[in-house]
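**Student:** Let me begin by handing over the structure; questions about it come next.
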Amino acid sequence: MRALKDEGVKFVFGYPGGAALHIYDSIFKQKAFEHILVRHEQGATHAADGYSRATGKPGVALVTSGPGATNAITGLATAFMDSIPLVVISGQVQSHLIGTDSFQETDMIGISRPIVKHSFIVQNTQDIPRIVQEAFHIATTGRPGPVVIDIPKDKTDPSQLFEYKRAKEISLRSYQPRVLPHPGQIKKASKKILSAERPVIYAGGGVILGNAHKELIALNKLLKAPVTNTLMGLGGYPAKDKYFMGMLGMHGTYQANMAMHNADVIIAIGARFDDRITNTPSMFAPNAKIVHIDVDPASISKIINADIPIVGQVKESLIALIKEIKRAKIKIDSEALDRWNMQISQWREKHGLDHDLYLNKIKSSMIAPQVVVQELYHATQGNAFVTSDVGQHQMFVAQYYHFNKPRRWINSGGLGTMGFGLPAAMGVKLAFPKQEVVCVTGEGSIQMCIQELSTCLQYNLPIKIININNEALGMVRQWQDMNYGGRHSASTYSDSLPDFVKLAQSYGHVGMKVTKQSQLKKTLEKAFAMKDRLVFVDVYVDPNEHVYPMLVAPNGSTKDMWIKKNTKA
Amino acid sequence: MKRIISILIENKPGALARVVGLFHQRGYNIETLNVGPVFDGSFSRMTVTTRGSENEVEQITKQINKIIDVIKVSDLTEGDHHEYEFIMIKFKHSEKIQKILKGLNGKIHEKNKDAMVMSAWGSSSDIEVAIKSIGKVNLLEIARSGSIGLHEGEKVLKI
């Protein structure tokens, strides 16, 4: 308890059980942090994760052995893929029972090994303070990630007493992540960037995790280059800025993907050239030189070879790069750059997203899901923390909700975990009780962690849930429409959906249902006016809607896109 | 091409599993693996041989380096190096096998009426050749240490 307190922990998300009972008893006796009892351990890890993404601080979850530990696995993998600092403490059976297939025993260290940054098993009680301190250090430094501490029950036996020792500083001989970039590389990068005619800044989640959004803005005040964000990077550069092209990749904007394909210099910042970004790697950005800044050397030249790799914290690297660019004698060719920015404007006009869909009073009886996001954006003045689940609704938010600040867009990008949105929103709401927290979800995803509605009642978490209900697993169905001759195998269930309004009510919350566009705005206003209640808004949308643009795959580059049904750009 | 990767790692429970697991997770293959405590016993040195292009091996060494317990990683095959492998063989009396092993620093450890146990060491390519020429006839059992190696010259792998 004291070790957690000394790490500044405010919330622990957890679920008790046999092997964790000693720990729970001491939680009962302390006041340093609040324990949030979730309804499923997956919820605990996602809530801790959401808390971390919104605050930048590490999230903490506590589970028991066996099923408690295995239920935490999806949340660990989610955090691992998106480099989120978590410390997950799992109870373990007593030391002498380990390896005997005892009740609720599972090898948590073994099961979690591929999806954690590091893990510890406590062998001596007196090591607990050091291990906790090291776990937080490892989780939060370098490329962040989840760390597991597995504690056998006998190691928390309250009858054993030890002196509490905390080191002033942590120094691990085997772990010294690089902070400062190599000055020679910064020089080379500056030269390459300033000689560009068609530069693109491609900024990922590393900008947000590394708290480097201000430096990114400062860099582009100098360069005036077009900027695109990855799904994880949204909010890292203000969406309202005129140089912002929107998201890139699989469902990125036409202009962002075209700009990547035609660039002569790509400045990749805290991004990892994920397969959703590059499409076919051998066809990716054929004429571009790549400057790649990342704290993780293994992310550099993993998929796309970097011409100028820079290993370092994003913030420190950008500060050095800005300094170098200011000092450089050569200046960027502003005429060429103007032509390039003009070209991007033309692409935007040709096939860019229509952000005013909500204004067109379409006579259609069905609501377009994009319109729901646009109305939500206006209802919240773009200031909400928005969590999402995974699928079409997630992409619609990424495309149509303009994130101007970092840490406002909270979604599972790397792993794509359905069920993430609601528990993540709980973590955010606890961190920011006075701010608007919205979970945009679908009727598929929300049912994966629906039990957390009960947690929201217990701890009074007035989240707003916007359920974009198309009565199907929309993204699966879209792929089936496009690639499987419209055979909707196991992707529909319209005859067996719950009545979400009653369901929300039975959990003690408010439920609202919208089926017509004319009701949408008013219903959202009503929902957001109920400041102290969780409101579940079930919005029935056009089930036939697809997400576009969409990269043509396989064997496509980023210039190959579907821009609407049956139409390639 | 064959690569010899040397790893200096904390001698802690689970550390070896992290390295071995990583090869599997990332789709790399381990051909041979050797591990033992070194220096004051708080370190282990592992030697892994694998196959891959330069890019693949660069990625492997970077990923291994990310393991928290790993202190240093080096691809010995990048430069000049010494590399040897040790084998032990049990076989039915055979002049041929004895002769082959003698040519590889062979030593007899046991000789009874049915069989012999001998050890030998040499470069892994010499060992491969020897094993091939020994064939199956009269061979009872064989154990290989896997490659171990050191950099040539002043370069060392330590903290």
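The values are calculated or read from the model by the stated rules, or taken from the named source; none is laboratory data. Computed from a predicted structure; not experimentally measured. Cβ placement follows ideal geometry from the backbone for every residue including glycine, while neighbour counts extend to all protein chains displayed. Heads up: the accessible areas ignore ligands, DNA and RNA and are worked out on the full protein's heavy atoms, side chains in. Shrake-Rupley method; radii C 1.70, N 1.55, O 1.52, S 1.80 Å.
**Student:** Rounded, prolate or oblate: which fits chain A when a ≥ b ≥ c are the square roots of the eigenvalues of the alpha-carbon gyration tensor, with rounded for a/c under 1.5 and prolate only if a/b beats b/c? Please list the in-between numbers first.
**Tutor:** Numbers: a/c = 1.95, a/b = 1.19, b/c = 1.63.
Cα axes put chain A in the oblate bin.
**Student:** Same structure, new question: What does the structure give for B:65-78 when I average, per residue, the other chain Cβ atoms found within 10 Å of the residue Cβ?
**Tutor:** Going residue by residue through B:65-78 and averaging, the value is 3.
**Student:** Same structure again: Can you give the calculated 222 nm mean residue ellipticity of chain B, where each DSSP H run of n ≥ 4 adds -39,500 (n - 2.57) and the sum is split over every residue, rounded to the nearest 500 deg cm²/dmol?
**Tutor:** On the way: 4 runs with 43 residues, N = 159.
Per the formula, -8000 deg cm²/dmol.
**Student:** Follow-up question, since we're still on this one. Counting only protein chains, not ligands or nucleic acids, how are B:Glu95, A:Glu41 ordered by accessible area (probe 1.4 Å), most first?
**Tutor:** Numbers: B:Glu95 145, A:Glu41 15 Å².
I get B:Glu95, A:Glu41, largest accessible area first.
**Student:** Quick one: which of A:445-454, A:528-537 comes out on top by average Cβ neighbours within 10 Å, and what's the full order, highest first? Walk me through the numbers before you get to the answer.
**Tutor:** Details: A:445-454: 22.9, A:528-537: 17.3.
Result, highest mean Cβ count within 10 Å first: A:445-454, A:528-537.
**Student:** Let me ask something else about it. Please report the accessible area of A:Phe162 (heavy atoms, 1.4 Å probe, ligands and nucleic acids excluded) in Å², nearest 10.
**Tutor:** Counting only protein heavy atoms, the figure is 100 Å².
**Student:** Quick one: among B:Gln98, B:Gln25, B:Gln59, which has the greatest mean-square fluctuation in a GNM of chain B with alpha-carbon springs under 10 angstrom?
**Tutor:** B:Gln25
**Student:** Averaged per residue, what accessible area in Å² does the protein assembly as shown show with a 1.4 Å probe, protein chains only?
**Tutor:** Accessible surface, normalised per residue, equals 44 Å².
**Student:** Now, a different point. Once you list every other residue whose beta carbon is under 13 Å from the beta carbon of A:Gly427, what net charge do they have if Lys and Arg are +1 and Asp and Glu are -1?
**Tutor:** Counting the neighbours of A:Gly427, the net charge comes to +2.
**Student:** For A:Asp495, tell me the accessible area in Å² from a 1.4 Å probe, rounded to the nearest 10.
**Tutor:** Result for A:Asp495: roughly 140 Å² accessible.
**Student:** How big is the A-B contact in terms of buried accessible area, both chains counted, 1.4 Å probe, rounded to the nearest 100 Å²?
**Tutor:** 1600
**Student:** Sort A:456-468, A:117-129 by the packing proxy (mean of other Cβ within 10 Å over each peptide's residues), most packed first. Kindly include the intermediate steps, with their values, before the conclusion.
**Tutor:** Numbers: A:456-468: 21.5, A:117-129: 18.7.
In descending order of packing, they fall as A:456-468, A:117-129.
**Student:** If you build a Gaussian network model of chain B, linking Cα atoms that sit under 10 Å apart, which residue out of B:Asn112, B:Asn34, B:Asn11 swings the most?
**Tutor:** Of B:Asn112, B:Asn34, B:Asn11, the Gaussian network model singles out B:Asn112 as fluctuating most.
**Student:** Provide the solvent-accessible area of A:His213, counting protein heavy atoms only and rolling a 1.4 Å probe, rounded to the nearest 10 Å².
**Tutor:** Answer for A:His213: close to 50 Å² accessible.
**Student:** Follow-up question, since we're still on this one. Hey, could you pull the Cα Rg and Dmax for chain B, both in Å?
**Tutor:** 17.6, 53
**Student:** Note down the net charge around A:Asp495, summing +1 for each Lys or Arg and -1 for each Asp or Glu among other residues with Cβ under 15 Å from its Cβ.
**Tutor:** On the way: positive: none; negative: A:Glu443, A:Glu471, A:Asp499.
Within the 15 Å Cβ shell, the charges total -3.
**Student:** Continuing with the same structure: Skipping prolines and chain starts, which residues have an amide H placed within reach, meaning under 5 Å, of the one on A:Val12, given they are 5 or more residues away or on another chain?
**Tutor:** Excluding prolines and chain starts, which carry no amide H, the hits are A:Glu34, A:His35, A:Ile36.
**Student:** If you don't mind, another one. Probe radius 1.4 Å, ligands and nucleic acids left out: which of A:Leu97, A:Leu216, A:Leu21 has the largest accessible area, and how do the rest follow?
**Tutor:** Result of the area sort, largest leading: A:Leu21, A:Leu97, A:Leu216.
**Student:** If DNA, RNA and ligands are ignored and the probe is 1.4 Å, what is the ranking of B:Ser6, A:Ser102 by accessible area, most exposed first?
**Tutor:** Result of the area sort, largest leading: A:Ser102, B:Ser6.
**Student:** Name the shape class, rounded, prolate or oblate, that the alpha-carbon gyration tensor gives for the stretch A:111-172, where a ≥ b ≥ c are the square roots of its eigenvalues, rounded holds for a/c under 1.5, and otherwise prolate holds if a/b is larger than b/c and oblate otherwise. Numbers along the way, then the final one.
**Tutor:** Details: a/c = 3.52, a/b = 1.38, b/c = 2.55.
Oblate.
**Student:** So, one more: Give the residue from A:Ala425, A:Pro16, A:Val63 lying farthest towards the positive end of the charge dipole for chain A; charges sit on Cβ (+1 for Lys and Arg, -1 for Asp and Glu) and the dipole is referred to the Cα centre.
**Tutor:** Looking along the dipole axis, the top candidate is A:Ala425.
**Student:** For chain A, which whole percent of the accessible surface, found with a 1.4 angstrom probe, sits on carbon and sulfur atoms?
**Tutor:** Here carbon and sulfur together make up 52 percent of the probe-accessible area.
**Student:** By the scheme Lys and Arg +1, Asp and Glu -1, what is the net charge of all other residues having a beta-carbon under 13 Å from that of A:Ala298?
**Tutor:** On the way: positive: A:Lys117, A:Arg143, A:Arg178, A:Arg272, A:Lys302, B:Arg26, B:Lys62, B:Lys66; negative: A:Asp294, A:Asp296, B:Glu56, B:Glu58.
Taking every other residue near A:Ala298 into account, the sum is +4.
**Student:** From the helices alone, meaning DSSP H stretches of at least four residues, give me the mean residue ellipticity at 222 nm for chain A, per-run term -39500 (n - 2.57), in deg cm²/dmol to the nearest 500.
**Tutor:** Calculated at 222 nm, the ellipticity per residue is -10000 deg cm²/dmol.
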